[in-house]
Amino acid sequence: MLQGLTSAGLGKLESDLQFIELAAKYDFQCIDIDAKGLVDRLGVEAAADMLKSRQLEIGAIGLPVEWRGTDEQFLNGLEKLPAAAAAAKALGCTRCCTYILPSTDAPAAHFMALATTRLRTCVSILGAYGIRLALEFVGPHHLRTHWKNPFIWTVQETLDWIDAIGEPNVGLLYDAYHWYTNEMTVADIRQLRAEQIVHVHINDAKNIPVGDVLDNDRLYPGEGVINLPGFLQALNYIGYAGPVTQEILTPSTPTGTPEDLVAKSRRAFDSVFGAAGL
């Protein structure tokens, strides 16, 4: 598995370049970053050289398409997707991520039909560039009722939706926080196949009732109650070898400089991966 970072939980980064330098300095292997933004600033060759010289890969890009909103929003985003995918491919990135909110103000059946068609279109474009789409199920209980109608928040529901989308280059974004808030176990991960998981996020949760856990109140790996060694061991057991990137969403900006927070993240990774024997 590749140990990596998102910018979430790293404070007020000055730029993507600072993000890259700090990730490399503290021996991370991948980062989730906007490949197109990097290419636009540096050019393909310089961006690729920067990553290679620092022994970094891009773990994933975000999907630049608002597939949950209006037709106009969707089509405007869709126009940007080929360029984003081309930049990712040029920098060796093969993964793209988006999240599924667990409730919606739209009638759920209508939204499902519309979103399936839209995501199928996105996945088809990504596939032309050799990129897989990771769908992230979102588990915290407060979001399940935040909007009018329940939608998707479990692994099985997400797998069923992936089957309905019906394209080979779509799979799961498996986040430890959502695994925990769904009250799942190591055995649930061990029932999956490695190829069903495109990307992984790691983080931790406070010691409060699971129904009270908030999506934007996360801890760094090893600071909370999630069984992260078991989580990592189960992923290793099924043969998952892709990125495991930290994503720490918090109500306010974490205290400390970005370097302090990346150093803290390195200690966190060493702790939980060490406890897992990996």
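Here are some notes:
- Unique match (being surrounded by fewer than 19 Cβ atoms within 10 Å (Cβ to Cβ) and in contact with a Phe, Trp or Tyr (Cβ under 7 Å, 6 or more places away or on another chain)) among Ala263, Ala268, Ala275, Ala205: Ala263
- Restricting attention to the range 108-159, the residues that are of a type in the set (Val, Ile, Thr), assigned to a helix (DSSP H, G or I) and farther than 21 Å from Leu249 by Cβ add up to 5.
- Residue count for the range 217-235 satisfying the condition of being among the β-branched types (Val, Ile, Thr) and under 13 Å from Gln246 (Cα atoms): 0.
- Pick from the range 50-83, criterion acidic (Asp, Glu) and either in contact with a strand residue (DSSP E or B) (Cβ under 6 Å, 6 or more places away or on another chain) or assigned to a loop (DSSP other than H, G, I, E, B) (or both), ranking: nearest to Ala115 (Cα to Cα): Glu66
- Meets criteria (touching a residue at least 40 places away in the same chain (Cβ under 8 Å) and in contact with a helix residue (DSSP H, G or I) (Cβ under 6 Å, 6 or more places away or on another chain)) for Ala90: yes
- The range 222-278, subset hydroxyl-bearing (Ser, Thr, Tyr) and outside any helix (DSSP H, G or I), residue farthest from Leu56 (Cα to Cα): Ser252
We did not get these values from a lab; they are worked out from the coordinates using the rules stated. This one's a predicted model, so the numbers in the text were calculated from it and none came from an experiment. Please note: Cβ atoms are built from the backbone with ideal geometry, for glycine as well, and neighbour counts cover all protein chains shown.
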